[in-house]
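Heads up: the structure comes next, in structure tokens.
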Amino acid sequence: MIQESIELSENEVLAPILPHGGRLVSRVLTGEARADAIGRAQDLPAISLNARAVSDVECLATGVFSPLEGFMNRADYEGVVHEMRLKSGLLWTLPITLAAPKEEAAKLKQGGEAALLGSDGDLLGLLSVEEVFPYDKRTEACLVYGTEETRHPGVQYLYQRGELLVGGSISMVRPPSLPGFEDYYCVPAETRRRFKERGWQTVVGFQTRNPIHRSHEYIQKCALELMDGLLIHPLVGRTKLDDIPSEIRLRCYRALEERYFPKERVMLSVFPGAMRYAGPREAVFHALVRKNYGCTHFIVGRDPAGVGGYYHPYAARDLFLRLSRDELDITPLFFDEAFFCRRCDGMASAKTCPHEASERVTLSGTRVRELLRNGEALPEEFTRPEVSEILAEWMQGG
């Protein structure tokens with residue numbers, strides 16, 4: 001059977017913070033309900049999902065995107081694009097939508113159902129079709145991404161989508177899975193349970209799509225000094241083609257967790273969401289979904305969820321500060337860019353280091369790739385040798 005939205009009181013919630021909107025959603029079908037849905041799907045019009053849409057279905061069904069129960073209808077979509085609010089008034093910063101070409105959308109009936117097919121053509125779930133509506137891609141690009149340039153990967157993806165949006169609740173029939181990441185995959189209900197078992201009353205979440213360098217490690221440990229626990233939560237959904245593969249990144253995270261963090265105070269788990277590269281809006285979105293996982297605090301560093309030079313390095317901080325504590329209900333921890341200072345002989349930031357830039361070890365992504373391609377180890381001041389070894393092996397095709 002399907003578990004509908006789970007209403008949680010402050011006494012019942014399995015973590016020290018309520019999910020966003022006060023309810024943890026579950027739209028995963030089991031038992032007879034699942035068998036019935038699979039049977040109905042054979043006679044339904046189908047919508048083929050790309051990798052990001054598959055990821056969204058998984059996140060919707062397992063409560064990651066609570067309180068959403070499906071793809072947004074027009075009122076929620078327009079409210080989020082223009083005001084960063086759902087129709088209910090609840091803070092939500094990114095549109096979660098399902099696009100379809102006109103030919104596919106023409107087969108759908110309002111009030112009917114559609115079969116959602118994964119990239120392999122197998123049934124992933126069902127969609128209860130509530131609304132099919134047009135949308136303005138240019139407006140979404142300008143307001144959500146802050147640019148119309150198609151060089152921006154989020155805008156490029158947006159402009160390639162279908163002409164119509166299909167809104168409605170979803171039900172998933174295929175159990176969530178991330179091949180290769182099974183040992184590190186937890187839905188929000190599970191992370192909340194584990195936090196409670198460990199007695200963590202304060203948990204700080206760290207979002208990343210890149211290998212953790214010494215600067216990341218430094219701010220994580222600074223945050224951990226103040227918290228009961230740290231959730232290292234790397235994104236393993238769809239990213240840009242030139243990003244380091246998620247399985248390589250996970251090996252780096254594991255090496256750091258095993259050798260440089262206290263195991264009883266750190267949890268490594270993967271986040272199945274896809275990357276939007278929406279800068280400040282996505283940084284707030286990442287905080288809200290970590291609240292669903294049970295985090296009470298969230299690390300906000302330099303240019304989170306940014307790409308290229310599209311966003312000011314601290315634009316996300318400005319957006320967080322414009323939001324009230326009540327509507328955000330997860331505490332951001334702000335950190336400036338960290339670096340290794342040769343004169344200080346340790347990690348620091350501009351807030352703590354008085355020395356000139358020439359004393360600071362920082363490497364651009366281009367320089368990192370150049371060193372790795374040449375088979376050279378990255379400086380130990382920049383990243384741990386275990387991480388450097390994993391990246392060099394990958395770059396050399398090992």
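Given an 8 Å cut-off on Cα distances and at least 6 residues of separation, report the relative contact order of segment 67-113 as a percent.
Reported as a whole number, the value is 29 percent.
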In whole percent, the fraction of accessible protein surface over the chain that belongs to carbon or sulfur atoms, probe radius 1.4 Å, stands at 47
Sorted largest first, the Cα spans of segment 55-168 on the principal axes come out in Å as 35, 30, 24
Counting only protein heavy atoms and rolling a 1.4 Å probe, one gets per residue an accessible area for the chain in Å² of 44
To the nearest 20 debye, segment 154-214 has a Cα-centred charge dipole, built from +1 on Lys and Arg Cβ and -1 on Asp and Glu Cβ, of 260
Between residue 38 and residue 344, the two model label points (7 Å from Cα along the beta-carbon direction) sit apart by a distance in nm of 5.7
Relative contact order of segment 274-340 (C-alpha contacts under 8 Å, at least 6 apart) in percent is 41
Those helices of the chain passing the 30 Å axial Cα length cut-off and the mean Kyte-Doolittle cut-off of -0.5 (DSSP H runs only) are none
Relative contact order as a percentage, segment 171-329, C-alpha pairs under 8 Å and 6+ apart, gives 26
Rounded to whole angstrom, the alpha-carbon centroid of segment 186-221 lies from that of segment 305-367 at a distance of 19
Only helices counted: for the chain, with every DSSP H run of 4 or more residues adding -39500 (n - 2.57) and the sum spread over all residues, [θ] at 222 nm is -9500 deg cm²/dmol
Low-density loop trypsin sites (Lys or Arg not before Pro), segment 14-67, at most 10 other Cβ within 10 Å, DSSP non-H/G/I/E/B, are none
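Run through segment 114-193 and list the trypsin sites (Lys or Arg not before Pro) located in a DSSP loop whose Cβ has at most 15 other Cβ atoms within 10 Å.
Loop-located and lightly packed - 151.
As a quick test, which of the pairs 196/221; 196/351; 137/291 have an alpha carbon distance above 25 angstrom in this structure?
Over 25 Å Cα-Cα: 196/351; 137/291.
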Ranking 349, 289, 299 by how far each Cα lies towards the positive end of the charge dipole of segment 247-398 (+1 on Lys and Arg Cβ, -1 on Asp and Glu Cβ), the top one is 289
Given unit charges at Cβ for Lys, Arg (+) and Asp, Glu (-), the dipole magnitude of segment 107-162 about its Cα centre in debye, nearest 20, is 180
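Set the Förster distance to 51 Å, then compute FRET efficiency between residue 226 and residue 374 from the Cβ-Cβ distance, nearest 0.05. Can you show the working numbers first?
Details: r = 40 Å, r/R0 = 0.79.
Between residue 226 and residue 374 the formula returns 0.80.
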So, for the Cα atoms of segment 31-103, Rg and Dmax in Å stand at 14.4, 41
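The values are calculated or read from the model by the stated rules, or taken from the named source; none is laboratory data. The shown structure was predicted, so the numbers you read here are calculated from the model rather than taken from an experiment. Because the Cβ atoms are built from the backbone with ideal geometry, glycine has one as well, and the counts that use them run over all protein chains shown. Quick note on the areas: whole protein, heavy atoms, side chains included, nothing else; ligands and nucleic acids left out. Shrake-Rupley method; radii C 1.70, N 1.55, O 1.52, S 1.80 Å.
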